[in-house]
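The values are calculated or read from the model by the stated rules, or taken from the named source; none is laboratory data. Being a predicted model, the structure only gives us computed values, none of them experimental. As a convention, Cβ positions derive from the backbone with ideal geometry for all residues, glycine included, and neighbour counts pool all protein chains shown. For accessibility, only protein heavy atoms count, side chains too; no ligands or nucleic acids. Shrake-Rupley method; radii C 1.70, N 1.55, O 1.52, S 1.80 Å.
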Amino acid sequence: MKFHAIELFNGKTSSPNIPKQVFQLALTLIFLSIISLCLNRNKHSPLSFPKLNFQGLRSIGFHKECDIFIGKWVPFPRGPYYTNATCSLITDQQNCIKFGRPDTEFMKWRWKPDDCELPLFDAVQFLELLRGKSLAFVGDSVGRNQMESLLCLLASVVYPEDISYNMSDTDFKRWFYADYNFTLATLWSPYLVKAGDADPSGHSSNSIMNLYLDKVDEAWAAEITKFDYVIISAGQWFFRPLMLYENGQLIGCHKCQKENVTDLIAYYAYRKAFRTAFRTLLNLKDYKGVTFLRTFSPAHFENGDWNNGGSCVRTRPYTKEEFKVDRYYIMKMYSTQEEEQRVAAKEGKKRGLQFRLLNTTEVMLLRPDGHPNRLGHSRHGNVTIADCVHWCLPGPIDTWNEFLLYMLRREGQIAFGRKLQKNA
């Protein structure tokens with residue numbers, strides 16, 4: 001027989017023949033008995049208390065488990081959350097409309113998961129969830145691209161104060177939302193591990209680099225214990241020429257074209273870099289944050305590579321039927337990351353650390369229309385090379401922060417569930 005507690009409190013199931021005072025007294029005795037049993041139970045108690053199934057608590061905001069990363073892009077005539085006129089924080093590199101992009105359809109699509117609805121981004125809810133917290137993006141300029149999207153999404157509520165240590169350093173930025181005591185940061189580290197120039201001619205867009213695969217980049221590792229949430233990512237930099245070191249010894253290279261040096265594929269260095277980054281987070285004594293791996297973001301160069309005349313001129317998403325891009329290297333980069341994240345998540349569970357997967361790879365494979373191409377102005381002033389790596393603002397990258405908010409809500413629900421279970 002089901003016990004309708006809410007109905008009893010409302011008096012809806014009580015018999016009209018029973019005086020109200022008697023009914024209330026009986027109900028009080030029942031609850032006192034239950035409380036007494038709960039307070040006095042211990043590991044030797046003969047009573048068996050079943051564990052609560054928190055996934056079923058829909059009434060307190062729990063949602064059906066859903067893979068939000070499987071779905072399709074659907075038309076969204078309402079358009080973007082912001083424009084370059086309403087958000088002054090868009091950098092020229094991603095400000096496609098400012099520099100003359102004539103079409104606007106690329107801003108009028110939303111991601112629709114197959115089995116559920118992805119809620120619209122709610123800036124107030126995001127800031128309330130992060131009240132008193134801090135969040136850092138660790139990685140390359142695509143990670144910074146996501147942070148700048150988030151700045152614009154939150155600007156509908158409030159603009160932050162720039163509290164960066166060095167105001168002119170765009171690679172290490174900190175923003176503070178005083179009303180919410182929330183800090184947002186970007187920590188530049190395109191390889192996640194220690195790196196340095198190896199070309200005697202100096203650094204250029206395709207010069208050779210030294211990579212020390214077993215040594216973390218201290219530029220971010222020394223700061224990371226200050227943050228409650230960390231979004232870690234890396235990608236396109238691993239395709240450039242690299243000299244690879246482990247244990248202080250040269251073990252090989254990628255595209256170095258040097259005699260007597262083993263040529264290793266990009267996935268080798270990619271795996272090792274994430275392994276070192278995750279091990280660093282696992283072994284840092286004071287790190288208590290939740291780590292999100294934002295997966296590989298694909299480029300969409302057509303008719304040539306980035307340095308060989310390639311461009312991205314499409315104005316609509318691919319449909320799954322139209323999709324003809326060579327997926328192998330993209331999915332190999334994704335699977336390399338995902339395997340290392342899974343290992344870290346398993347180890348982290350033993351240590352009370354959470355490692356989550358923010359899977360943007362297949363979602364963004366379908367968006368060749370979302371890049372600046374030649375309609376964004378690089379910080380380095382080169383507008384002859386098409387940018388088919390970064391994403392226009394506003395644009396499809398805003399979806400990443402819809403994913404992030406969804407996952408942060410889930411983190412809050414899971415934490416609340418654990419608290420209830422602990423106190424049950």
Problem set entry | Over the range 66-423, relative contact order from alpha-carbon pairs under 8 Å, at least 6 apart, % | 21 percent
Exercise. For q = 0.18, 0.32 Å⁻¹, what log10 I(q)/I(0) does the range 241-284 give under the Debye formula with an equal point scatterer on each alpha carbon and no solvent?
Worked result: -0.56, -1.11
For this session: Take every Cα pair under 8 Å in the range 147-248 that's 6+ residues apart, average their separations, divide by the length, and report that relative contact order as a whole percent.
Result: 21 percent
Seminar exercise, completed: Ratio for the range 195-304, C-alpha Rg to 2.2 N^0.38 Å, reads 1.19
Exercise. Mind checking which aspartates and glutamates have their C-alpha under 13 Å from Lys320, skipping anything on the same chain fewer than 8 residues away?
Worked result: Glu362
Exercise. If Lys and Arg each add +1 and Asp and Glu each add -1, what is the summed charge of the other residues whose beta carbon sits under 12 Å from the beta carbon of Asp140?
Worked result: +1
Seminar exercise, completed: Quick note, the range 66-423: a/c under 1.5 would make it rounded; otherwise a/b > b/c is prolate and the rest oblate (a ≥ b ≥ c, C-alpha gyration tensor); here it is rounded
Exercise. In square angstrom, what is the accessible area per residue of the range 66-423 with a 1.4 angstrom probe?
Worked result: 45 Å²
For this session: Show the residues, 5+ positions off or on another chain, whose built amide H is closer than 5 Å to the amide H of Thr360.
Result: Thr295
Exercise. Whole-Å semi-axes of the range 162-246's equivalent ellipsoid, largest first, each the root of 5 times a Cα gyration tensor eigenvalue?
Worked result: 29, 15, 10
Problem set entry | Portion, in percent, of the accessible area of the range 66-423 that falls on carbon or sulfur, probe 1.4 Å | 49 percent
Exercise. Separation between the Val74 and Asp305 pseudo-spin-labels, each 7 Å from Cα along Cα→Cβ, expressed in nm?
Worked result: 4.0 nm
Exercise. Could the peptides 211-218, 72-79 be put in order, highest first, of the mean number of other beta-carbon atoms found within 10 Å of their residues?
Worked result: 211-218, 72-79
For this session: For His203, tell me the accessible area in Å² from a 1.4 Å probe, rounded to the nearest 10.
Result: 100 Å²
Seminar exercise, completed: Karplus-derived 3J(HN,Hα) from phi for the range 386-391 (6.51 cos²θ - 1.76 cosθ + 1.60, θ = phi - 60°), whole Hz, x at Gly and Pro, runs 5, 9, 10, 10, 7, 10
Seminar exercise, completed: Residues whose built amide H sits under 5 Å from the amide H of Ile231, excluding neighbours closer than 5 in sequence, are Ala136, Phe137, Val138, Phe292
Seminar exercise, completed: Contour minus Cα-Cα span, Ala178 to Arg240, at 0.36 nm per residue, comes to 18.3 nm
Exercise. Dipole of the range 59-119 (Lys/Arg Cβ +1, Asp/Glu Cβ -1, origin at the Cα centre): which of Met107, Pro119, Cys66 lies farthest to the positive side?
Worked result: Met107
Seminar exercise, completed: Computed curve, the range 67-184, Cα-only Debye sum without solvent term, log₁₀ I(q)/I(0) at 0.23 Å⁻¹, is -1.44
Exercise. How fast does the range 178-218 diffuse by Stokes-Einstein, in µm²/s, taking the Kirkwood radius from C-alpha pairs at 4 °C and 1.567 mPa s?
Worked result: 103 µm²/s
For this session: Starting from the residue with the highest accessible area, list Val363, Val261, Val124 in decreasing order, probe 1.4 Å.
Result: Val124, Val261, Val363
Problem set entry | Cα-Cα separations in the range 99-139 greater than 11 Å, expressed as whole percent | 79 percent
